[in-house]
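The values are calculated or read from the model by the stated rules, or taken from the named source; none is laboratory data. These numbers were taken from a predicted model, which means no experiment stands behind them. As a convention, Cβ positions derive from the backbone with ideal geometry for all residues, glycine included, and neighbour counts pool all protein chains shown. In case anyone asks, the SASA skips ligands and DNA or RNA and just uses the protein heavy atoms, side chains included. Shrake-Rupley method; radii C 1.70, N 1.55, O 1.52, S 1.80 Å.
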Amino acid sequence: MKRAIVIGASSGIGREVAKLLIAKGWTVGVAARRVERLQDLQAAATERIDVTADDATERLRHIINNIGGMDLFFYASGIGKQNRELHEDIELATVNTNGMGFARMIGEAYRYFATTGNGHIAAITSIAGTKGLGPAPSYSATKAMQNIYLQALEQQAHARGLKIRFTDIRPGFVDTDLLSGDFRYPLMLRPERVANDIVWAIEHRKHIRVIDWKYRLLTAFWRRIPRWLWRRIRL
């Protein structure tokens, strides 16, 4: 029996991935801050988890025990918004959730798999970590941190002889609550399509998956733009 925990399953990509895993026969535990949105998922267990709270790791261990263990940890929690005026509350909240919260939850999953001997950690980061984006400084910075954190843990796991697999999922713009508002983002992707791509990447044990092909081309181009030119580009 395959057992998965999905963090951030109340809406968007996390919810769609949870639904796909359940349909594929996985035993799935789901967690989010808005636990009332989890009730109709037909998951094996639900848990209210705020990744910024001190009790988040304890609650994660609780839901793992409730479903009898964990083979896959899927992380889809995060916040982000444009902040051209660099409001302090937006910057600090983003760092707290996408930085501290990410390290807290991914770290706990890693420690769990280190004790069981094997497992798979898959997390949604973003193409925003490719370059520093002026309209969203803390968002792009924390996404770059997430990319590097997963890479570092992958190296550490290999050095320790741990059979822990990692999948760094980097979507482009996805039509979810995170991007709701007056601004219309280009090349928007549907969460259902993104979720299918994610499950495929997990099943095929991909290390990094940029979604979709348009964003794979775009990020490859971004990486080649020199710093002196990048800072002159208006976004």
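Need the failing condition index for SER10 against (1) part of a loop (DSSP other than H, G, I, E, B); (2) open to solvent by 40 Å² or more (accessible area, probe 1.4 Å), just the number.
All conditions are met except number (2).
Just give me the residues in the range 201-224 being exposed (fewer than 13 other Cβ atoms within 10 Å of the Cβ) and either under 30 Å from ALA4 (Cβ atoms) or not aromatic (Phe, Trp, Tyr) (or both), in sequence order.
Once the filter is applied, which keeps residues that are exposed (fewer than 13 other Cβ atoms within 10 Å of the Cβ) and either under 30 Å from ALA4 (Cβ atoms) or not aromatic (Phe, Trp, Tyr) (or both), the range 201-224 yields GLU203, HIS204, ARG205, HIS207, TRP213, LEU217, ALA220, ARG223, ARG224.
On the given criteria, is LEU150 under 15 Å from the mean Cα position of the chain (by Cα) and either modelled with pLDDT of 95 or more or in a loop (DSSP other than H, G, I, E, B) (or both)? Walk me through it before giving the result.
Working: under 15 Å from the mean Cα position of the chain (by Cα): yes; either modelled with pLDDT of 95 or more or in a loop (DSSP other than H, G, I, E, B) (or both): yes.
For LEU150, the condition - under 15 Å from the mean Cα position of the chain (by Cα) and either modelled with pLDDT of 95 or more or in a loop (DSSP other than H, G, I, E, B) (or both) - is met.
Restricting to the range 17-52, give me the number of residues that are within 15 Å of PHE73 (Cα to Cα) and in contact with an Asp or Glu (Cβ under 6 Å, 6 or more places away or on another chain).
1
Counting just the residues of the range 163-198 that are surrounded by fewer than 19 Cβ atoms within 10 Å (Cβ to Cβ) and among the aliphatic types (A, V, I, L, M), which one comes out modelled with the highest pLDDT?
MET188
Tally time: how many residues in the range 114-160 are surrounded by 18 or more Cβ atoms within 10 Å (Cβ to Cβ), under 24 Å from ARG3 (Cβ atoms) and among the aliphatic types (A, V, I, L, M)?
Count: 7.
Kindly list the number of the only condition in (1) free of Cβ contacts under 8 Å to residues at least 24 places away in the same chain; (2) touching an Asp or Glu at 6+ places or on another chain (Cβ under 6 Å) that fails for ASP55.
(2)
Take PHE74 and tell me if it is among the aromatic types (Phe, Trp, Tyr) and more than 13 Å from the chain's Cα centre (by Cα). Talk me through it step by step, then tell me what you get.
Numbers: among the aromatic types (Phe, Trp, Tyr): yes; more than 13 Å from the chain's Cα centre (by Cα): no.
When the stated conditions are applied, PHE74 does not pass them.
Go through ILE49, ILE67, ILE124 for me and flag whichever is at pLDDT 95 or above and touching a Pro at 6+ places or on another chain (Cβ under 8 Å). Spell out how you get there, then give the answer.
Details: ILE49 fails: touching a Pro at 6+ places or on another chain (Cβ under 8 Å); ILE67 fails: touching a Pro at 6+ places or on another chain (Cβ under 8 Å).
Matching residue, one of ILE49, ILE67, ILE124: ILE124.
Table: residues versus (1) on the phi < 0 side of the Ramachandran plot; (2) part of a loop (DSSP other than H, G, I, E, B); (3) out of contact with any Leu (no Cβ under 8 Å at 6 or more places or on another chain); (4) open to solvent by 30 Å² or more (accessible area, probe 1.4 Å).
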| site | (1), (2), (3), (4) |
| --- | --- |
| ASP40 | yes, no, yes, yes |
| THR52 | yes, yes, yes, yes |
| ASN65 | yes, no, yes, yes |
| GLY69 | no, yes, yes, no |
| ILE79 | yes, yes, no, yes |
| ARG84 | yes, yes, yes, yes |
| ASP89 | yes, no, yes, yes |
| ALA93 | yes, no, yes, yes |
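Name the pairs whose Cβ atoms lie under 7 Å apart, with the first residue in the range 106-125 and free of Cβ contacts under 8 Å to residues at least 12 places away in the same chain, the second hydroxyl-bearing (Ser, Thr, Tyr), and 6 or more positions between them or separate chains?
Listed by first residue and then by second, the contacts come to nothing, as the list is empty.
Does GLY107 fit the bill of being at pLDDT 95 or above, of a type outside the set (Lys, Arg) and surrounded by fewer than 16 Cβ atoms within 10 Å (Cβ to Cβ)? Spell out the reasoning first.
Details: at pLDDT 95 or above: yes; of a type outside the set (Lys, Arg): yes; surrounded by fewer than 16 Cβ atoms within 10 Å (Cβ to Cβ): yes.
Considered against the rule, which asks whether it is at pLDDT 95 or above, of a type outside the set (Lys, Arg) and surrounded by fewer than 16 Cβ atoms within 10 Å (Cβ to Cβ), GLY107 comes out as yes.
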